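> Following this message is one structure expressed as structure tokens.
The values are calculated or read from the model by the stated rules, or taken from the named source; none is laboratory data. Keep in mind that this is a model prediction, so the values were computed, not measured. FYI the Cβ positions are ideal-geometry reconstructions off the backbone, even for glycines, and counts take in every protein chain you see.
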Amino acid sequence: MTKAELFKGVLGSEEFPVEAGRYRFIWTEVCPWSHRFAIVRHLMGLTEVISEGKLNPVITEKGWEFSLDEGNHDPILGTRYMMESYLKTDPNYPGRATVPVIIDLTTQKIVNNESHDLMRQLALNFKEVAKADAPELYPEHLRQDIDALNAVVLDEVIGAINRMGAADTQEVYETNYHTLFNRLDELDARVADQDYLFGDQLTEADIRLFVCLVRFDIAYYSLNLANRNRLIDFKNLWPYAKRLYQIPAFRETTNFEAIRKGFWLNHRKDNAKPIIPLGPDTSIWLAD
């Protein structure tokens, strides 16, 4: 998205104060960007403070649709398509209706649709209404290091995967293939002797990496040709990802069937017949 297509309101600001029941989180479970905010919301115990609406993981010609709800409309917003909220916020909105978004229910307009901003604003500005044992996801003494690692993961993991999927030359594909797996090898070594990316401290960096790893074998390995090896073949990254999955906020916001269905029907351009693969077996995420 270009800057012109972003809504940049700040949750917890004077304009959008912390207020239980005022905001609604709209997302689809196929989307890794949405998944990041969903995990933070759950980790902090804010599921009753900020309501949620879920879109069908398979996008339509009219964009994301609330077809999981009775009557194909969000029960709170009364809308059928995500684009309706964008146009209500800006009648001249020129871009795509992306997720996640936070909607202010007092106006039914979008506050913010940038997942980086949203997860950070929630972690920092909603502490007063979070549960007592909510983790410190962006601790002050680690912020510079977290920002640096986030940038690397965004470019060399998530970005490389996306560039591989969009590659129209062998050179572009191979360059990003090597970038991706070189970085995954380094991350594999990093978590060899520690629970999280920053030792024993769970941070937002773990969330950003997890939403990519949990989609790796089920989607990226085949669709993006990220196929040197699977996540389950990594000696340390696989146990690390499973460790995160044991945390309820990670596990309960992960819907493998939505991910599988959404990725294979939304992203495979040559999938003239709507075939959704049955594998890989995702029950191994719960195995010892």
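> Out of (1) at pLDDT 95 or above; (2) buried (at least 16 other Cβ atoms within 10 Å of the Cβ), the odd one out for residue 265 is which?
With respect to (1) at pLDDT 95 or above; (2) buried (at least 16 other Cβ atoms within 10 Å of the Cβ), residue 265 is out only on (1).
> Just to be sure I understand, how many residues within the stretch 181-232 are among the small types (Gly, Ala, Ser) and touching a residue at least 60 places away in the same chain (Cβ under 8 Å)?
Just the residues of the stretch 181-232 that are among the small types (Gly, Ala, Ser), to begin with: 189, 192, 199, 205, 219, 222, 226.
Retained after the next criterion (residues that are touching a residue at least 60 places away in the same chain (Cβ under 8 Å)): 226.
Of the residues in that region, 1 qualify.
> Select from the stretch 243-258 the residues that are surrounded by 20 or more Cβ atoms within 10 Å (Cβ to Cβ) and either free of Cβ contacts under 8 Å to residues at least 60 places away in the same chain or among the acidic types (Asp, Glu) (or both) and list them in ascending order.
The one that is surrounded by 20 or more Cβ atoms within 10 Å (Cβ to Cβ) and either free of Cβ contacts under 8 Å to residues at least 60 places away in the same chain or among the acidic types (Asp, Glu) (or both): 244.
This table checks each residue for (1) closer than 28 Å to residue 215 by Cα; (2) surrounded by fewer than 18 Cβ atoms within 10 Å (Cβ to Cβ); (3) free of Cβ contacts under 8 Å to residues at least 24 places away in the same chain.
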{"site": "35", "(1), (2), (3)": "yes, no, no"}
{"site": "40", "(1), (2), (3)": "yes, no, no"}
{"site": "46", "(1), (2), (3)": "yes, no, no"}
{"site": "65", "(1), (2), (3)": "yes, no, yes"}
{"site": "68", "(1), (2), (3)": "yes, yes, yes"}
{"site": "88", "(1), (2), (3)": "no, yes, yes"}
{"site": "100", "(1), (2), (3)": "yes, no, no"}
{"site": "118", "(1), (2), (3)": "yes, no, no"}
{"site": "124", "(1), (2), (3)": "yes, yes, no"}
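> Within the stretch 208-266, which helices (runs of 4 or more DSSP H) (wholly inside it) include 1 or more residues that are touching an Asp or Glu at 6+ places or on another chain (Cβ under 6 Å), in the same structural domain as residue 185 (by TED's automatic domain parsing) and under 20 Å from residue 181 (Cβ atoms)?
Details: elements: 237-245, 248-251, 256-266.
By residue number, 237-245.
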